[in-house]
Amino acid sequence: MDRSNLGAEIWPDISYAPYVESGTRPHWTSIKEGTSLRKWAKHKGFDEAGMRNLQLSIASKGTKANPFVKPTFDTMKPRVERDIISGFSRFVERVNQGNI
């Protein structure tokens with residue numbers, strides 16, 4: 001079977017996910033109540049001063065990439081291909097037996 005024609009589409013459903021995947025250039029970001037950065041920083045135990053330092057660090061260095069989609073795709077691709085081929089093979093076998 002020619003596997004080059006198989007495809008999949010994977011995407012995150014959180015607005016900031018692409019920036020986690022790829023990282024960001026230096027930029028100013030808010031740490032106001034309710035922002036995702038503030039929620040994350042609170043969860044990690046940052047106090048107000050730590051949050052301001054985090055904000056300044058992002059403003060001067062940006063953020064590092066933390067890829068999760070590509071490694072998951074790379075890991076799962078062979079399994080998904082195997083399962084598709086196996087499923088179609090079972091289906092064709094049942095058709096040939098007259099069960100479908």
Exercise for review: Consider only pairs whose beta carbons are under 9 Å apart and that are at least six residues apart or on different chains; among these, list those whose first residue lies in segment 80-94 and is closer than 23 Å to residue 9 by Cα and at pLDDT 90 or above and whose second residue is open to solvent by 70 Å² or more (accessible area, probe 1.4 Å) and assigned to a helix (DSSP H, G or I).
Suggested key: 81/3; 85/3
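Looking only at segment 53-87, filter to residues that are among the basic types (Lys, Arg) and farther than 21 Å from residue 19 by Cα; which one of those is most open to solvent (accessible area, probe 1.4 Å)?
The first filter runs over segment 53-87 and keeps only residues among the basic types (Lys, Arg), leaving 61, 64, 70, 77, 79, 82.
Now narrow it down to the ones that are farther than 21 Å from residue 19 by Cα: 77, 79, 82.
Numbers: 77: 90, 79: 113, 82: 139 Å².
For segment 53-87, the residue satisfying everything is 82.
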Review point. Among the residues of segment 17-49 satisfying the criterion of being at pLDDT 95 or above, assigned to a helix (DSSP H, G or I) and within 20 Å of residue 61 (Cβ to Cβ), which is least open to solvent (accessible area, probe 1.4 Å)?
Key: 41
Exercise for review: Could you grab me the full set of residues in segment 15-29 that are without any contact (Cβ under 8 Å) to a residue 24 or more places away in the chain and hydroxyl-bearing (Ser, Thr, Tyr)?
Suggested key: 15, 16
Check your understanding: Within segment 12-45, how many residues turn out to be of a type in the set (A, V, I, L, M) and under 12 Å from the mean Cα position of the chain (by Cα)?
Key -> 3
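The values are calculated or read from the model by the stated rules, or taken from the named source; none is laboratory data. These numbers come from a predicted model, not from an experiment. Quick reminder, even Gly has a Cβ in these numbers, built from the backbone with ideal geometry, and neighbours come from all protein chains shown. These accessible areas exclude ligands, DNA and RNA; they are computed on the full protein's heavy atoms, side chains included. Shrake-Rupley method; radii C 1.70, N 1.55, O 1.52, S 1.80 Å.
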